[in-house]
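Computed from the coordinates by the stated procedures, all read-outs in this text should not be read as laboratory data. Keep in mind the model is a prediction, meaning the values are calculated, not measured.
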Amino acid sequence: MSPRANPDQPDRRDFMKKACCVAIGGVLGAVPVASGVALYLDPLLRNSSGNSDGVKVRVTTLDALPADGVPRRFPILASRVDAWTKTPEAPIGAIYLSRPADAQSSVKAYNVICPHAGCFVDYVAALPDAPAQAGYLCPCHNSTFQLNGAVAGRTSPAPRGLDELECSIENGNEVWVRFQNFQAGTADKVPLGA
Ligand code: FES
């Protein structure tokens, strides 16, 4: 019997050719699709770990700080990248800065967040339990702090002092701070993302 006698064979060859073309086309098509998906998800992957090192921000200049050590509150502005959206500068927190009269390099920076449960502390010229002393008072549960950030009152529920932040003077008079938040309610300073 001649090969032509089996009418199914040409159809089977055609079918196999078409199947191979579809398979190869599928593989080649999957590469750009996979790249596109990876690119699309990239911001999520990059941001999933948070930034526990904080963010370095230029806050103000030395001239804006009172020279007598009285702290001044400043908002921290920074741009944020949330998944696919880059937000231009917006407030991400606040700090107190103080400049002791004697040394330019010893500007102190404290996060305004109370380490007890996260309320914002206020600067007060007279602490309730030590009226001769200025410091910080938390309005939520009355924790008090000295100007150096240490817990002031023996009845303060805060488990640690205010969180001091890394601060530097650059280009002669610019005050830069590495801003970050820390976990509330613990005796140890445990960094969170900025
Ligand atoms: S949150 Fe500040 S004392 Fe409780």
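Provide, for q = 0.23 Å⁻¹, the log10 of I(q)/I(0) from a solvent-free Debye sum over equal Cα point scatterers in region 55-179. With one equal scatterer per Cα and no solvent, log10 I(q)/I(0) is -1.29. Partner aspartates and glutamates whose Cα lies under 15 Å from the Cα of residue 108, excluding those fewer than 8 positions away in the same chain, are identified as 63, 68, 163, 164, 166, 170, 174.
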